[in-house]
Amino acid sequence: MDHLGVGDSDIPEGGPADLSLVARCNHAALQAVLARLKAGELDGGIAPISPSVVMGEGQSMGGQIALLMQAAHDSFDGLALLGCSAVCTRLPARIADGEVCLRGEADHASELAKLKDFDWRWAFHWDDVPEQFAGAKEAASLGRAPPCPIGAARRRSMLSTSSFPAPCRGRPPR
């Protein structure tokens, strides 16, 4: 599922969601999925399941949000953060002074300014990744193309947001 306000997820009525609201809503979604799993109501082909362990896993921004969920809501029994750091995520750059890390920097603006001309393809894809894949991923990540729609309708139909806290419900994306 997409995070609140991203991709196929609802867009909050009050405007953009901050990360604490996203973590709260993700926690509510997790609890709803777990309740439906335990009741055997998540999918007609799945018998009731009572997980003995709930693991959170997130890659990149998803890892950061999973970390916020754990810190604020104790959502998981274990957590795997991939492609990010709880200390300082370093974006690799072709040239050494092109790396971006805000830790220990008095002036965050100078570090963030590096992102304007950052070589995202070099940082995230090996040279043998076909352009059709690397370019599509980069365009979607930077908001220049829609996210991949595969499975979006199925995921949306599996979970109703009607039982979520009011700030987690909003209008569907356009």
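Under 13 Å from the mean Cα position of the chain (by Cα), β-branched (Val, Ile, Thr) and crowded, with 18+ Cβ neighbours inside 10 Å: which single residue out of 6, 22 fits that description?
After applying the criteria, what remains is 22.
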The residue from 110, 20 that alone is in contact (Cβ under 8 Å) with a residue 12 or more places away in the chain, hydroxyl-bearing (Ser, Thr, Tyr) and assigned to a helix (DSSP H, G or I) is 20
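Which of the residues that make up the range 89-101 are of a type in the set (A, V, I, L, M, F, W, C), assigned to a loop (DSSP other than H, G, I, E, B) and loosely packed, with under 13 Cβ neighbours inside 10 Å?
Result: 95, single match.
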Do we have residue 30 as in contact with a strand residue (DSSP E or B) (Cβ under 9 Å, 6 or more places away or on another chain), under 28 Å from residue 117 (Cβ atoms) and either of a type in the set (Lys, Arg) or not in a loop (DSSP other than H, G, I, E, B) (or both) here? no
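Based on what the data block shows, is residue 118 modelled with pLDDT under 80, surrounded by 12 or more Cβ atoms within 10 Å (Cβ to Cβ) and aromatic (Phe, Trp, Tyr)? Walk me through how you get there before you give the answer.
Numbers: modelled with pLDDT under 80: yes; surrounded by 12 or more Cβ atoms within 10 Å (Cβ to Cβ): yes; aromatic (Phe, Trp, Tyr): yes.
Considered against the rule, which asks whether it is modelled with pLDDT under 80, surrounded by 12 or more Cβ atoms within 10 Å (Cβ to Cβ) and aromatic (Phe, Trp, Tyr), residue 118 comes out as yes.
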For residue 81, are the conditions met, namely being without any contact (Cβ under 8 Å) to a residue 60 or more places away in the chain and in a helix (DSSP H, G or I)? no
Considering only the range 57-76, how many residues are under 16 Å from residue 28 (Cα atoms) and part of a loop (DSSP other than H, G, I, E, B)? 3
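Select from the range 29-71 the residues that are at negative phi and of a type in the set (S, T, N, Q) and list them in ascending order.
31, 50, 52, 59, 64, 70
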I'd like the residue in the range 72-88 that is surrounded by 13 or more Cβ atoms within 10 Å (Cβ to Cβ) and aliphatic (A, V, I, L, M) and, out of all such residues, is nearest to the chain's Cα centre (by Cα). 81
Of all residues in the range 46-56 being in contact (Cβ under 8 Å) with a residue 24 or more places away in the chain and part of a loop (DSSP other than H, G, I, E, B), the one that is farthest from residue 6 (Cα to Cα): 53
For the range 130-138, state whether one or more residues are outside any loop (DSSP other than H, G, I, E, B) and modelled with pLDDT under 70. yes
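The values are calculated or read from the model by the stated rules, or taken from the named source; none is laboratory data. For clarity, every value in this text was computed on a predicted model and none was experimentally measured. Because the Cβ atoms are built from the backbone with ideal geometry, glycine has one as well, and the counts that use them run over all protein chains shown.
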